Each structure stands twice: as structure tokens, then as C-alpha cells.
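Below you'll find the structure, written out as C-alpha cells, and then a few comments.
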Ligand SMILES: [Zn+2]
Ligand SMILES: [Zn+2]
């Protein structure tokens with residue numbers, strides 16, 4: 001990565017301020033999420049993810065917890081821009097996909113990091129403070145396991161995709177981005193096809 005690219009990134013304390021504002025408080029999970037996003041873009045060689053490189057990056061997150069809120073602070077990837085994808089696997093993990101170079105890195109927070117924090121800073125009684133300090137200081141490799149992976153992203157998954165909305169033959173609601181399914185010749189939304197998460201009262 002060239003020096004001028006790196007200059008576009010902020011420092012960890014600067015990101016922490018922005019994360020605290022967006023998330024409502026600063027916690028160990030925020031620091032971990034920031035470190036995870038910074039490591040991800042470093043491995044991909046992206047120097048300006050929220051600016052010049054913003055159309056190159058799609059991020060998958062695997063848990064709806066504190067760390068997830070911190071990731072868009074660094075990457076600029078937002079759910080409403082289709083650049084942030086949520087897969088509810090209950091894991092503190094994220095995959096950073098570079099759409100230009102067609103490669104992706106998946107990072108998983110190591111289970112050992114809480115233990116490392118305890119060993120490093122036994123004198124700090126507050127667990128959140130203890131972990132926050134450790135998560136700021138531990139090297140990337142000790143915080144995260146990194147795996148290069150392949151992610152299949154269709155054109156319909158990408159920001160900017162345009163296609164006509166179709167109507168569900170059962171409920172009549174509109175469906176975008178090819179999320180409809182065809183069952184016995186009928187075009188249905190995923191809810192009517194059996195994935196409904198709610199019951200109508
Ligand atoms: Zn939090
Ligand atoms: Zn339907």
C-alpha cells in the first residue's frame with residue numbers, strides 16, 4: 001500500500017470517537033470491531049474504504065452485537081447502501097470483499113482474546129476496560145484468525161443493481177433484487193414461500 005493511500009485512514013482514537021457517537025457508548029466490542037475492519041482493509045490493501053475505494057468493498061457481518069456497529073465506521077459499508085450484508089450466524093466474524101480484485105478475507109475474533117486481556121491486565125478490574133485496553137494493543141494476528149475465502153455475489157447482490165420489482169402471487173407485496181422464489185409455477189415472496197418470521201394477527 002502506498003503512503004498517500006494510508007493517509008486517508010484515521011487513527012484508532014479518532015475512529016473510537018466516531019464509533020462512540022454512532023453506537024451510543026464506547027465499549028470493548030467497538031474497539032474490536034474497529035480493529036477488525038482496519039485489519040480487513042489492510043489485508044485487502046484498501047487505503048480509502050470510505051472515500052475513493054468505497055465502490056470496491058462489500059462487507060458481510062455475522063453477529064448483531066457491538067462489534068458490528070463499529071465496522072461501518074471504518075469501511076463506510078452501510079446496510080441501506082447494500083454494501084453491508086448481515087448473516088445471522090452468531091459469530092464475531094466479518095468478511096471483507098474487494099469487488100475490483102475479486103478477493104475476500106474473512107476475519108474471526110479469536111476466543112482467546114478475553115483470556116489474553118485478563119493475563120495482560122489483571123490489575124484492571126472492570127472487564128470492559130480490561131478488554132478495551134488489550135484490544136487496542138494486541139497485534140492483529142492475536143485478535144483475529146484470517147482466512148482468504150471466495151464469496152459468490154451475484155449482480156443482484158451488488159449496490160446499484162436495477163431490475164423491475166415483481167409482485168408476490170400470494171400476498172401481492174412488491175419484491176426487489178430477485179428475492180422472489182418460484183413454487184409450482186407461482187412467483188412468491190420468501191415469506192409466502194415458507195420463510196415468514198412473523199404471524200399476522
Ligand atoms: Zn457496545
Ligand atoms: Zn408474499
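Every read-out reported here was derived from the displayed coordinates using simple, explicitly stated rules and does not represent laboratory data. It should be emphasised that the depicted structure is a prediction, and the values quoted were computed from it without experimental measurement. Heads up, the Cβs are rebuilt from the backbone with ideal geometry, glycines too, and the neighbour counts pull from every protein chain shown.
Based on Cα atoms of the range 1-91, Rg over Rh with Rh as the Kirkwood radius reads 0.95. Between the alpha-carbon centres of the range 164-191 and the range 54-85 there is a gap of 27 Å. Figure legend: label point modelled 7 angstrom from the Cα of residue 149 along Cα→Cβ; residues of the range 90-122 with amide N under 13 Å from it are 90-98, 104-109. Panel values: the range 72-132, Kirkwood radius from alpha carbon pairs, Stokes-Einstein at 4 °C and 1.567 mPa s, translational diffusion coefficient 91 µm²/s.
Each peptide among 83-94, 33-44 gets the average number of other Cβ atoms lying within 10 Å of its residues, and from highest to lowest they stand as 33-44, 83-94. Here the gap between residue 142 and residue 17, fully extended at 0.36 nm per residue and compared with their Cα-Cα distance, gives a gain of 42.6 nm. Treating the Cα atoms of the range 37-149 as identical point scatterers in vacuum, please give the log10 of the normalised Debye intensity I(q)/I(0) at q = 0.15, 0.16 Å⁻¹, two decimals. After summing over all Cα pairs, the log10 values are -0.66, -0.74.
Taking only the alpha-carbon atoms of the range 116-189, what semi-axes of the equivalent ellipsoid follow from 5 times the gyration tensor eigenvalues under a square root, in whole Å, largest first?
49, 17, 11
Peptide packing for 72-78, 24-30 was compared via the average number of neighbouring C-beta atoms within 10 Å per residue; ordered from the highest value, the list is 72-78, 24-30. According to the calculation over all Cα-Cα pairs in the range 9-52, the P(r) per 5 Å bin from zero is 5, 22, 31, 24, 14, 5, 0 %. Per residue of the chain, the DSSP helices (runs of n ≥ 4 H) give a summed -39500 (n - 2.57) that works out to -9500 deg cm²/dmol at 222 nm. At full extension, residue 196 and residue 54 could sit 47.8 nm farther apart than now, given 0.36 nm per residue minus the alpha carbon distance. Counting only Cα atoms, the range 32-76 measures 28, 16, 14 Å along its principal axes, largest extent leading. Normalised size of the chain, defined as Cα radius of gyration per 2.2 N^0.38 Å with N residues, equals 1.18.
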